[in-house]
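For reference, the structure discussed in these notes is given below.
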Amino acid sequence: MSDLPAINQSVTVDWSSEKAQRRVRRRYGAERRLKWFGLGAIAMALLLLGVLVTSLISVGYTAFVQTHITLPVFIDAAKINPDDPFKGKYRPMVNDAFVNMLSGIDSKADRRLAAKMLSRGASLMLRNSVVDDPAQMGKTVTFTFPMADPIDQLHKGVTPRDVPEDQRRVSDKEIAWYDQLVARGAISKPIAWSLIFSADSRFPELAGLAGAIMGSFYALLVCFLISFPMGIAAAVYLEEFAPKNKWTDIIEVNINNLAAVPSVVFGLLGLAVFLQVFGLPRSAPLVGGLTLSLMTLPTIIIATRASLKAVPPSIREAALGVGASKHQVIMHHVLPLAMPGILTGTIIGLAQALGETAPLLLIGMNAFITSTSGGIVDPATALPTQIFIWADSPERGFVAKTSAAILVLLGFLVTMNAIAIYLRRRFERKW
Amino acid sequence: MVFYLFCAMFALAAAGYMIGRKRAVDLSTYGSLTLHSRPGYHGAYVALWAGLPSFLFVILWLLFQGSVVDGFLLASLSEARTSGLDSSQIDLLLSEIKAVSAGQIFGEPDKEVLAAAERYASWQGIARWSMVACALALLLFGATVARSRIAPQFRARHGVEKILDGVMIFCSLVAIFTTLGIVASLLFEAFRFFERVPVTEFFFGTRWEPQIAIREDQVAGAGSFGAIPVFAGTLLIAFIAMVVAVPVGLLSAVYLAEYATSRFRSVVKPILEILAGIPTVVYGFFAVLIVAPAVRGFGVNIGVDIAPNSALVAGAVMGVMIIPFVSSFSDDALNAVPQSMREGSFGLGATKSETVLQVLLPAALPGIMGGILLAVSRAIGETMIVVMAAGLIARMTANPLEGVTTVTVQIVTLLIGDTEFDSPKTLAAFALGLVLFVVTLCLNVVALRIVQKYREKYE
């Protein structure tokens with residue numbers, strides 16, 4: 001301590017000296033730098049979020065419309081089995097009608113090439129229409145059919161015209177025919193409701209999310225039915241009834257740790273226990289929901305405990321004072337008051353579960369399923385796994401479809417979170 | 001079927017409630033006796049005794065029916081048909097029988113399979129109806145016993161509350177069961193893996209080539225399961241993620257906690273949290289669609305060859321996802337530092353940045369470290385981004401421009417598609433899962449402890 005100046009000894013500092021001024025400037029410079037670094041970091045994070053969202057929208061918006069052709073088809077009764085209209089030569093019928101609209105088709109190869117411009121689903125749509133209404137046989141009926149993916153991409157301007165022919169997926173001939181159709185006004189671009197209302201398909205122009213949405217819905221339903229009551233019961237016990245001892249400590253630590261276990265580990269659990277030991281069906285939303293419920297449970301428990309804690313003790317004391325039992329205090333007073341918080345936590349937990357992919361992959365919810373499944377034990381996909389499947393598909397059209405599916409998923413998530421925020425704002429009480 | 005059974009059981013339990021309640025009301029009015037518990041509790045008592053045991057019974061039955069019927073089916077097959085088959089072939093046989101009994105007949109099944117399919121169908125029916133009968137009998141028995149106990153002095157409320165206590169204790173034990181289930185299933189499968197592949201090879205081997213021949217004539221390597229390159233790849237990607245996330249997250253937390261106006265904070269903080277709420281599959285697609293081509297194009301421009309599935313891209317995108325974790329934990333930690341320390345520092349003439357760097361950050365360091373450790377555990381366990389954006393081939397490299405693979409990528413790729421629970425290929429995924437679980441668990445425990453200790457320090 002001897003090298004310090006004595007307290008009463010006054011040290012004069014010349015604050016206006018060049019040296020002191022420089023020191024102050026340097027310190028203020030450091031101050032500004034830190035501030036700008038902080039702002040820069042925030043700006044960077046927000047910028048990345050912006051890039052993410054805008055790139056998804058700019059790629060995905062084209063998938064919300066679909067190029068269609070308006071095509072009059074002569075339904076030749078001779079080509080249909082009269083006893084069973086399901087059986088008939090519908091594909092040649094559609095192809096003939098389509099090729100007849102075009103000029104400049106000379107050879108069989110050209111015919112085949114031209115027929116490929118139409119979606120493979122066209123003949124099935126024709127068949128379904130005839131099966132529904134057999135009176136159409138022998139008449140000429142005008143249909144709107146989707147065009148095949150390459151033409152769809154051309155019409156939307158995703159496939160550029162000005163590159164050499166061997167570098168794009170449509171030939172010069174097809175472009176010429178397409179231009180003819182556009183000139184005749186046969187091509188339209190209506191909203192692609194099939195994105196929401198049809199099931200998966202190998203052809204991008206036919207693929208939709210209906211199966212995935214139903215699968216996600218069933219999985220979330222199972223998840224909700226299990227994790228909501230169980231989460232509340234566990235949280236009420238731990239918060240209100242449990243004695244403070246080693247056991248409850250262990251449970252508590254356990255719950256906190258479970259909330260941070262990687263999701264893929266839950267997938268392994270689902271695979272080993274639900275599929276292997278209990279023999280539940282693979283790819284079923286039931287198993288998906290069970291696995292997700294184990295992941296959601298800690299979230300709901302933690303949220304419920306927080307909102308139970310927020311109910312002031314005076315409520316409990318008043319109820320106890322008029323003779324309610326402890327159970328009655330909680331059932332009649334504390335839980336209803338805590339419910340908005342619990343619901344908010346539950347919705348946020350379910351939103352997390354909706355976006356979860358890895359565990360669903362492991363229990364096989366990435367199967368290729370072309371029908372909207374009907375129940376919780378039928379094989380299905382879920383929204384995030386459908387995104388994963390489409391992202392892996394090589395067809396150009398699936399890039400836009402994937403982005404569109406992501407936008408749909410984000411739409412659901414935003415809606416759920418908005419409901420949660422609304423609930424919190426509307427019913428939250430400050431005591 | 002099961003759905004209708006549950007509906008019926010629910011309706012019957014509700015009827016039990018009405019009966020119990022009515023009985024209690026009748027007792028109290030006719031005998032002019034005062035009830036110990038309100039009539040509703042008597043009703044609830046009957047309903048719980050009717051509904052709960054039968055509900056549990058049905059759940060347990062459904063869980064074990066499949067494997068029990070399979071066991072019977074297998075036992076009923078002739079010795080000649082099942083001898084010499086390994087478990088996957090037996091599975092195949094069983095699923096063929098089930099497919100035939102469901103009416104999906106491919107090719108010409110042999111006679112024994114047809115007979116077994118018929119037996120299977122009839123057993124299914126027997127099992128189902130005996131389940132319904134047992135459940136309803138149990139329900140009625142429970143309801144009758146409970147109803148017979150109703151008396152004016154009967155403490156129905158205590159009975160109901162005891163049952164509820166039991167239910168709540170069970171629900172809070174589910175978390176323990178889950179952890180035990182994870183540990184048991186991982187340990188069990190990993191143990192079977194280590195029976196086939198020596199532990200030392202797994203932990204110290206440097207070649208990871210899990211593609212092994214499933215059929216005899218297939219061309220494939222013998223498979224080698226040295227997991228060091230996989231661990232190295234995981235650490236590399238997690239490191240890159242932290243290099244992105246820690247500075248950005250920490251600096252934005254400092255700004256939000258110390259510089260921002262409360263209005264700026266209330267707008268920006270939720271927007272930052274959105275980054276954590278976006279599903280990881282979206283980040284994966286973003287990495288593949290936008291970031292990887294951009295980085296690759298940049299590499300071509302400056303004359304560096306960057307792999308399309310480079311660790312850099314996967315790690316950087318993962319880092320973006322982790323930013324909000326780091327920032328919100330650091331924000332909490334900074335806010336937990338008592339105001340008096342700030343004021344003391346200002347009083348000595350320190351600027352804000354000097355206060356932050358020399359007083360607040362050291363004081364908040366434990367909390368920040370805890371948050372960073374949690375973020376590391378998150379990065380190691382993150383799956384979809386790396387599955388989509390990182391590579392499949394295990395390489396031992398520290399070069400972020402090359403493709404590496406991670407533990408989670410290997411788990412997913414080994415288990416996607418048809419899984420055969422006998423091959424070391426499938427079991428290897430569980431061994432990797434065990435390592436992943438243990439490592440993340442340790443990180444979490446340490447991190448949570450640090451955060452908690454730190455919180456206590458300033459409370």
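Before moving on, here are some points about what is shown:
- Where labels lie 7 Å past Cα in the beta-carbon direction, separation of B:LYS453 and B:LEU52 in nm: 4.2
- Label-point gap, in nm, between B:MET18 and B:ASP165 - each point 7 angstrom along Cα→Cβ: 3.3
- Legend: calculated FRET efficiency, A:LYS246 to A:VAL24, from the Cβ-Cβ distance at R0 = 60 Å, rounded to 0.05, equals 0.55.
- Rounded to 10°, Cα long-axis angle of helix A:90-101 versus longest principal axis of chain A: 80
- Pairs of Cα atoms farther than 23 Å apart, region B:224-458, %: 55
- A straight line joining the Cα centroids of region B:147-167 and region A:189-220 runs 51 Å.
- √(5λ) per eigenvalue of the Cα gyration tensor, chain B, largest first, Å: 52, 42, 18
- Estimated FRET transfer efficiency (B:VAL68, B:THR413; beta-carbon r; R0 35 Å; 0.05): 0.55
- Residues with amide H under 5 Å from that of A:LEU118, placed H, sequence gap 5 or more: A:ALA148
- Cβ-derived FRET efficiency at R0 35 Å, B:CYS442 paired with A:LYS430, nearest 0.05: 0.30
- The charge dipole of region B:224-458, taken about its Cα centre with unit charges on the Cβ of Lys, Arg, Asp and Glu (plus for the first two, minus for the last two), comes to roughly 500 debye.
- Scalar couplings 3J(HN,Hα) for region B:72-77, obtained by applying the Karplus form with A = 6.51, B = -1.76, C = 1.60 to θ = phi - 60°, are 4, 4, 5, 5, 7, 6 Hz; x denotes Gly and Pro.
- The magnitude of the dipole of the protein assembly as shown, with charges of +1 and -1 set on the Cβ of Lys/Arg and Asp/Glu and taken from the Cα centre, is near 2900 debye.
- Across B:LYS269/B:LYS352; A:LYS326/B:LYS22; A:LYS401/B:LYS425, pairs whose alpha-carbon gap is larger than 31 Å: A:LYS401/B:LYS425
- Exposure proxy ranking, count of Cβ atoms within 10 Å, fewest first, for B:GLU96, B:GLU79, B:GLU118: B:GLU79, B:GLU118, B:GLU96
- Here A:LYS79 is the anchor, and the lysines within straight C-alpha reach of less than 29 Å, apart from those fewer than 8 places off in the same chain, are A:LYS87, A:LYS89, A:LYS108, A:LYS116, A:LYS139.
- Relative contact order [Cα under 8 Å, 6+ residues apart], region A:276-356, whole percent: 41
- Percent breakdown of C-alpha pair distances by 5 Å bin, ordered from the shortest bin, for region A:64-192: 2, 10, 21, 21, 19, 13, 8, 4, 2, 0, 0
- Percentage, to the nearest whole number, of Cα pairs in region A:308-399 over 15 Å apart: 72
- Spherically averaged projected area of the convex hull of Cα atoms, chain A: 41.2 nm².
- Bridging of B:LYS453 to aspartates and glutamates at a Cα separation below 20 Å is possible for A:ASP249, A:GLU252, B:ASP331, B:ASP332, once same-chain residues fewer than 8 apart are set aside.
- Region A:1-149: C-alpha pair distances exceeding 28 Å, %: 58
- Each part gets one Cα centre, and for region B:293-326 versus region B:1-74 those centres are 59 Å apart.
- Cα-only Debye scattering, region A:210-427: base-10 log of I(q)/I(0) at q = 0.12, 0.14, 0.15, 0.16 Å⁻¹: -0.70, -0.89, -0.98, -1.06
- Gyration tensor over the Cα atoms of the protein assembly as shown: the corresponding equivalent ellipsoid has semi-axes (square roots of 5 times the eigenvalues, largest first) of 50, 45, 30 Å.
- Cα-derived Rg to Rh of region B:2-154, Kirkwood definition: 1.27
- The label point for A:ASP110 and the one for A:VAL11, both projected 7 Å from the Cα toward the Cβ, are 9.7 nm apart.
Every read-out reported here was derived from the displayed coordinates using simple, explicitly stated rules and does not represent laboratory data. Note that the structure is a prediction, hence the values are computed from the model and not measured. All Cβ positions, even for glycine, are placed from backbone atoms using ideal geometry, and neighbour counts span all protein chains on display.
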